[in-house]
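Please read the structure below before turning to the comments.
Rule-based calculations on the coordinates, nothing more; no lab input. What you see is a predicted model; the values in this text were computed from it and never measured. Cβ placement follows ideal geometry from the backbone for every residue including glycine, while neighbour counts extend to all protein chains displayed.
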Amino acid sequence: MSVGIEAFLWGIGSAISLPLGALLGIWWKPKQKINSAFMAFGAGALLFALTIELFGHVPHHVHEHGYMSLLAALVGALAGGALFDTLNSMLNNQGAYMRKLSSAKDYLLGVRREQKNNLVEQLGKIKILSKLNPDQMAELVSKVNPITVPKGRTLFTQGDVSDSMYFIVEGSVEIVLHDTKGDKSIALLTANDTFGELGVVSDQARSADAVTKSTSYLFQVMKTDVDNIISKFPELKESIDELIKTRVEDLAEKAPSGINADWKKACLNRIDEYSNDISLAEVVKETAGKHATGGAAIAIWLGLLIDGIPESLVIGMLHNSTLGMSLAFIAGVFLANLPEAMSSSVTMNKSGMNIMKIMMMWGSICLLTGIGAYLGATVFPSDPQGNIFYFVLGIEGLAAGAMLTMIAETMLPEAFEQGGAIVGLSTLGGFLSALVVKVL
């Protein structure tokens, strides 16, 4: 059997745990702490394999070939880490974040923070609300209720009791006034506009209708929450009473000088303290159906692929090297792949992706891991000399850096997200198990 075919089979063997893990996860649906323990164990085993089989050889290479070996390994590792981080971020922005619970939560938290940033920006332009201090504004923003409203829905009617105010994230809302001359459209509001605040802060009935002109994603703030803030801030109530006596319309007057940057920053810092974690149910709700879109599905597949390419190349290079294949490295990759596929498949399935598509994704990654190992064994020489040696060492460093970054950015955060403190001992267990495999 040729070296390339042998490397291909080693690659398939290390990655067969991907479709197996996917099937096991979908069938078993393990509790989060169990899956976390598996994932941390796999991460520990992979860390050992990286440390001993790749980075562990660098001191020997420095002794044999000089400090250029160290430079090649360092540059390669840093480039690999930066490349993985960049590609991972790009793909997450296209929908690949849905492949993991931790990355989905991080992405959605970032989206919510940006939305709250816009909310503070808009609410701060309302003269009355701009008088709130950062603690009070943060408390108000934490009470926001996100809602999706279909096209043509009347949010409130002229004369209704003012029970809430709204902030438009996406979509459009028309404000329609009724008088003796008929109906009159007085405003078409779009993203980042605020409406309904006048009645909320002044206890006035709705002065017009609000009707969605397209499917709209809105933030709703209830009057009771606004009143609760006002009751804690007597100076704010005095200002409201004074303005009501003069001219009710002044309540919605925009601050001409804009928003104080320090005030806004303080508000956002306090909002972070009020913000709650995103639950699995919220992740499933907010990502439901998005896996079905072509762009998101491709991004998820590419995200899974960049997790596997580095290790496949290393398997081929190790098999073709003078040291031969490392069973500890194969074991580390196999153990790391199993829980990763278990966790990701459960998350993707709950968010709407069908089982057949999930299995095709993992099966194709398994096949490509074998192909990557074949290329690693056939493209790179087994005993490089001269400048080729430093190039090959740099490529090994590139793969190792990408793998180490992947462990730190995806595997361990995912494990901790689901299991908490159990991650430490499980990671240690995986590390020591790989040590035992290496010794035996």
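Failed condition for Q385, given (1) surrounded by fewer than 16 Cβ atoms within 10 Å (Cβ to Cβ); (2) touching a Gly at 6+ places or on another chain (Cβ under 9 Å), with all others met? So the condition that Q385 fails would be (2). Taking first residues from region 305-330 that are under 16 Å from H57 (Cβ atoms) and partners that are charged (D, E, K, R) and part of a loop (DSSP other than H, G, I, E, B), the Cβ contacts under 9 Å between residues at least 6 apart in sequence or on separate chains come to S321/D383; T322/D383.
If only one of V201, V173 is within 35 Å of the chain's Cα centre (by Cα) and of a type in the set (V, I, T), which one is it? Before the answer, list the steps.
Working: V201 fails: within 35 Å of the chain's Cα centre (by Cα).
Answer to the check: V173.
Only helices (runs of 4 or more DSSP H) whose full extent lies in region 1-114 are considered here, and the ones with at least 3 residues that are free of Cβ contacts under 8 Å to residues at least 12 places away in the same chain are 58-65, 68-93.
Give me the strands (runs of 3 or more DSSP E) completely within region 115-194, filtered to those with at least 1 residues that are surrounded by fewer than 14 Cβ atoms within 10 Å (Cβ to Cβ) and in contact with a Gly (Cβ under 8 Å, 6 or more places away or on another chain), ordered by residue number.
The strands (runs of 3 or more DSSP E) meeting that bar number zero.
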